[in-house]
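Notes to accompany the following structure.
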């Protein structure tokens, strides 16, 4: 098949149950948004994985450049003070 | 080879088997697409639809076996009857991947069957047979999705490219003559309606047409004139395609009697 004739790619996000967030679970090809939702249901929720699906065109996602990983993310390695682990919480909010 | 079973057929049992066998045989034809659908995603979708229909057929066959009372189970009913003892509509036994049929035939048939099943399940919801009403209640949810999925495809193909439009129209010309049987009443229907078991065949015609009309309009399809021909699968008289289908569907159970997963 000529790749230019292929259906566009969509990223699929599934919410396992009400109150939880939608989690990325994979991708699929579909001709349009409506078909993408239907096919996401058929491909990714066959075993009761979900109560809601989101789809988004893969080419609409703007991603960070893997080449920038060192610049973007490595500096966080030694910023331990950014973790809120140095506070003593009152007992009342212990399970926050 | 395992010998065929013979059933003691009452009107109630015939009524149940018509629904069960239509689902069973439709599922068998859909299963033939497994690994062959135009795209992976639809391959999985068709398998899902088939498995839903098979699940519905299993529930109905298990219930029918209990009513029949000779100690047969759902597998015996599904796999050990002779051709004349299957009561599915002829429509669902016609090939989907051979004999000139294609993906358009497949989606159109799914639409025809789902649009027939939905008002049937609704009618069975008030059946005097409580088990049947429970099966219908669960199945209706599945059928609603089948209908949405198939209607979507019929519109997509009918109102798509020149090629997909040509194929969808050809599929409609092939399928339409076999639609008449879905609404063809006989004494089994009369008994079911009278005793409160379920709706007669003809009662489903208007809801079926109401479902189809907007889909056909969006799909640029013209409703063909009524067919003079009425197939007779629901009476056990099948097309030449039924024998080979049964041979494949029954082969495992005939070769390994009582085989289970």
Inset, instruction - State all residues of region B:1-42 that are within 14 Å of another protein chain (Cβ to nearest Cβ) and over 19 Å from the mean Cα position of the chain (by Cα); if no residue qualifies, say none. - result: B:37, B:38, B:39, B:40, B:41, B:42
Inset, instruction - Report the residue count in region B:186-226 for those that are in contact (Cβ under 8 Å) with a residue 60 or more places away in the chain and under 20 Å from the mean Cα position of the chain (by Cα). - result: 13
Legend entry - Search result, residues across region B:128-142 that are touching a residue at least 40 places away in the same chain (Cβ under 8 Å) and either within 14 Å of another protein chain (Cβ to nearest Cβ) or closer than 22 Å to residue B:105 by Cβ (or both): B:142
Inset, instruction - Kindly indicate whether any position in region A:51-68 is surrounded by fewer than 10 Cβ atoms within 10 Å (Cβ to Cβ) and either assigned to a strand (DSSP E or B) or within 14 Å of chain B (Cβ to nearest Cβ) (or both). - result: no
Legend entry - Yes/no for residue B:108 being touching a residue at least 12 places away in the same chain (Cβ under 8 Å) and within 17 Å of the chain's Cα centre (by Cα): yes
Legend entry - Unique residue being at negative phi and in contact (Cβ under 8 Å) with a residue 40 or more places away in the chain when the list is A:88, A:93, A:80, A:53: A:53
Inset, instruction - State all residues of region A:13-49 that are more than 14 Å from every other protein chain (Cβ to nearest Cβ) and assigned to a loop (DSSP other than H, G, I, E, B); if no residue qualifies, say none. - result: A:16, A:17, A:18, A:19, A:20, A:21
Inset, instruction - Would you mind stating whether residue A:78 is surrounded by fewer than 10 Cβ atoms within 10 Å (Cβ to Cβ), out of contact with any helix residue (DSSP H, G or I) (no Cβ under 8 Å at 6 or more places or on another chain) and either more than 14 Å from every other protein chain (Cβ to nearest Cβ) or within 18 Å of residue B:148 (Cβ to Cβ) (or both)? - result: yes
Inset, instruction - Identify, from the list A:13, A:73, the residue that is surrounded by 10 or more Cβ atoms within 10 Å (Cβ to Cβ) and farther than 30 Å from residue B:147 by Cβ. - result: A:73
Inset, instruction - For region A:10-31, name all the residues that are within 22 Å of residue B:154 (Cα to Cα) and either modelled with pLDDT of 95 or more or in contact with a strand residue (DSSP E or B) (Cβ under 6 Å, 6 or more places away or on another chain) (or both). - result: A:28, A:29, A:30
Legend entry - Residue among B:123, B:179, B:100 that alone is away from chain A (no Cβ under 14 Å), over 24 Å from residue A:38 (Cα atoms) and modelled with pLDDT under 95: B:100
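The values are calculated or read from the model by the stated rules, or taken from the named source; none is laboratory data. Everything quoted here is computed from the prediction, not taken from an experiment. Cβ coordinates were reconstructed from backbone atoms using ideal geometry, including for glycine residues, and neighbour counts include every protein chain displayed.
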